[in-house]
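So the structure is just underneath, and the comments pick up after that.
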Amino acid sequence: MKASWVAEEEKSKVLKMSGADMLMEALEKEGVDVLFGYPGGAVLPIYDALYKRNIKHILTRHEQGAIHAAQGFARVAGKPGVVIATSGPGATNLVTGIADAMIDSLPLVIFTGQVATSVIGTDAFQEADIVGITMPITKHNYQVRKVEELPRIIKEAFHLAQTGRPGPVLVDIPKDISTSIGSYKPSNEVDLPGYQPTTIPNLLQVKRLADAIAQAKKPVILAGAGVLFAKAEEEILALAEQHRIPVTNTLLGLGSFPSEHPLFLGMAGMHGTYAANTALHECDLLIGIGARFDDRLTGNLAHFAQKATVAHIDIDPAEIGKNVETLIPIVGCAKHTAAALLRESTTSGDTEEWVCQLAELKNSYPLWYKNEGDVLKPQRLLEIIHEETKGEAIVTTDVGQHQMWTAQYYGFSKPNRWVTSGGLGTMGFGFPAAIGAKIGKPELPVVAVTGDAGFQMTLQELSVLQEMKLPVVIVIVNNQSLGMVRQWQEIFYEERYSESLLPVQPDFVKLAAAYGIEAASVTTEEEARAKFAEALDSKGPFLLDCRVASDENVYPMIAPGKGIHQMIGVKP
Ligand SMILES: Cc1ncc(C[n+]2csc(CCOP(=O)(O)OP(=O)(O)O)c2C)c(N)n1
Ligand SMILES: [Mg+2]
């Protein structure tokens, strides 16, 4: 009797609504309160539905700006960034950001408009096969073919984006699906039997790693971004301290281990520290956690961790053994695995000599640069930014020399303060990512460190800063060049600076003024400190054009093709 009464009530609750309204309902159900996007014909019904809702929409001035902002948001807010773009050019303008999010494992849910189902495949106006285009660069993608499927698909999209190894999921919505009316049945659960990411590690493998730790005299932990995604920082710290294991980070893993900790060796890889790279070369046990051993980290694989037993903890089984032969593979989330390891590994190896040896290397061969004359050194600029923000700020970067100097000199001691394009290396990422980061974590100061070239790839988003009066500090590390390209040409192409010098630059201060944004140009250390402090205190956006030494290079460095032990530019 009661059951049928409930069923009747449920039935009467079935609401009729448009696809666009279903999308809004589903977004609200997922707790989405901000969208990054740009309207157009195929998404007009969606924007019309949005008009009546309480979801904030950030209108960037280019779809690439929207997706990079969503990436910055996702990186610091701990929830997916949500993007909307129209069909055709709107959708294709997202492609770089989607590829970027895929390789850096950022959770995004992207909605694209599509031409009406009746004309798909006819080269209709603003038609692009975005599902085909993004197939290899999304964790999963969908094209909605029936309006009633929308709630289920959206539920699945959010689930896929943020579980297991996070990544971008795209939902393509033809215009007629947005306008057609269907019965709305909220989707409360996902039913994906083929998608069950392993988070709890195999205990036998954990025990093998515990045994290896007990035997090791020269162990090292390589912590990657997976540690941050899993929020496993405390467990990794406990593990390192319990067994006296030195720790290094990948570029994207910075902040997962306190930079000032005596066991921390600094970043590893192409522009990593001598101590970190020597540790990876000499170790007898390498414990990779949430890191994918990419070529910029390992250098020539023939020389990478050749003396070591390699253990690799990763939530994505496809990563294990992909680049580096792995004796102890552990599929699982970094947090659960490190916790299991803390329970299982009660015996430590004798690592004291190793710890001392690496501390000595860290001391004798620190990162270095010559701070001479009046000209502002970019490395010093990053130290000043650290000092003035006390290491508390969220720092985003573009790609190039300034990115590497930020990684080397900012000193990330807390998680989720570091937003950079690691895997894809996307110029134009840093500034819009800072906008998203500020929206995702308004309580923290946000500094966008960009190159003079990279900034010009997405500077149209100054409009968003102007409109929202967001207190983001833009620091242009202005070396009047495509610095990283210039550096490679200097070292590997006998100083033939082919298309890498930028002697003609816009006046960045006047440019900012055109957008009503406060700005200053600085050329010395004193000016940089004073103006940066002013910028940080200002209640609104601020652009700082920092004229730095134009011939400075990023060192130390592993040249392409060389092994991790063959660094150039180590402190003499
Ligand atoms: C979209 C894109 N195009 C080209 C490159 C290749 N690239 C890498 S670093 C770099 C120079 C960047 O110059 P700038 O933004 O001024 O930064 P700097 O290296 O001078 O700090 C270039 C062209 C890239 N990473 N991304
Ligand atoms: Mg530059």
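The values are calculated or read from the model by the stated rules, or taken from the named source; none is laboratory data. Because the structure is predicted, anything quoted here is derived from the model rather than measured. Cβ atoms come from the backbone with ideal geometry, glycine included; neighbour counts cover every protein chain shown. When the accessible area is computed, the model is the full protein with side chains, heavy atoms only, and any ligands, DNA or RNA have been set aside. Shrake-Rupley method; radii C 1.70, N 1.55, O 1.52, S 1.80 Å.
Descriptive notes on the structure:
- Plainly put, the range 169-313 has a radius of gyration that is 1.17 times its Kirkwood radius, both from alpha-carbon atoms, as the Rg/Rh ratio.
- Dividing the Cα radius of gyration of the range 423-513 by 2.2 N^0.38 Å, with N the residue count, gives 1.23.
- A simple packing score, the average count of other Cβ atoms within 10 Å per residue, orders the peptides 16-22, 534-540 as 16-22, 534-540, with the highest score first.
- Antiparallel DSSP beta bridges within the chain, percent to nearest 5: 10 percent
- Summing charges over all other residues whose Cβ lies under 14 Å from the Cβ of ALA453, with Lys and Arg as +1 and Asp and Glu as -1, gives -3.
- Within the same chain, aspartates and glutamates fewer than 8 places from LYS438 are excluded, and of the rest, those with a Cα less than 19 Å from its Cα are ASP33, GLU63, GLU388, GLU392, ASP398, GLU461, GLU467, GLU518, GLU534, ASP537.
- Cβ-Cβ distance of HIS140 and GLN306, R₀ of 51 Å, FRET efficiency by 1/(1 + (r/R0)^6): the value works out to about 0.85.
- Rg and Dmax of the range 378-554, Cα atoms only, in Å: 15.1, 48
- Just so you know, the averaged projected area of the alpha carbon convex hull for the range 255-365 sits at 7.3 nm².
- Residue-by-residue Karplus 3J(HN,Hα) for the range 320-326, coefficients 6.51, -1.76, 1.60, Hz, glycine and proline x: 7, x, 5, 10, 10, 4, 10
- Sorting the segments 389-395, 117-123 by their residues' average number of neighbouring beta-carbon atoms within 10 angstrom, most packed first, yields 389-395, 117-123.
- Residue-span extension gain [CYS356 to LEU203] - 0.36 nm each, minus C-alpha spacing: 51.9 nm
- Contour minus Cα-Cα distance for GLU28 and GLU148 (0.36 nm per residue): 41.5 nm
- Rounded percent of accessible protein surface that carbon and sulfur make up, the chain, 1.4 Å probe: 53 percent
- Anchor LYS139: aspartates and glutamates whose Cα lies under 18 Å away (excluding residues fewer than 8 positions away in-chain): ASP100, ASP104, ASP129, GLU156, ASP172, ASP191, ASP314, ASP316, GLU319
- Other residues within the sphere of radius under 13 Å centred on the Cβ of THR112, judged by their own Cβ, net out at -3 (K and R +1, D and E -1).
- Using alpha-carbon coordinates, inclination of helix 203-215 to the longest axis of the chain, degrees: 10 degrees
- Accessible area per residue for the chain is 40 Å², calculated with a 1.4 Å probe on protein heavy atoms, without ligands, DNA or RNA.
- Sequence ranges 342-350, 292-300, 225-233, 176-184, ranked by mean other-Cβ count within 10 angstrom, highest first: 225-233, 292-300, 176-184, 342-350
- If the convex hull is drawn through the Cα atoms of the chain, its volume per residue in Å³: 167 Å³
- Zone of ALA318's modelled label, taken as backbone nitrogen in the range 58-97 under 14 Å from a point 7 Å along Cα→Cβ: none
- FRET efficiency, LYS217 to GLU392 (Cβ-Cβ, R0 35 Å, nearest 0.05): 0.40
- Taking all protein chains together and a 1.4 Å probe, the residues TRP488, TRP418 rank TRP488, TRP418 from largest to smallest accessible area.
- Convex hull per residue volume in Å³, alpha carbons only, for the range 453-572: 144 Å³
- What separates the Cα centres of the range 148-183 and the range 65-122 is a distance of 12 Å.
- Restricting the calculation to alpha carbons of the range 1-148 gives Rg and Dmax of 17.0, 58 angstrom.
- C-alpha long axis of helix 378-389 to longest principal axis of the chain, angle in °: 70 degrees
- Sorting GLU25, GLU241 by solvent-accessible area of protein heavy atoms yields GLU241, GLU25, largest first, with a 1.4 Å probe.
- Taking label positions 7 Å along the Cα-Cβ direction at both LEU15 and ASN363, the computed distance is 6.7 nm, reported to one decimal.
- Rounded to the nearest 0.05, the FRET efficiency derived from the C-beta distance between TYR493 and GLU189 at R0 = 60 Å is 0.55.
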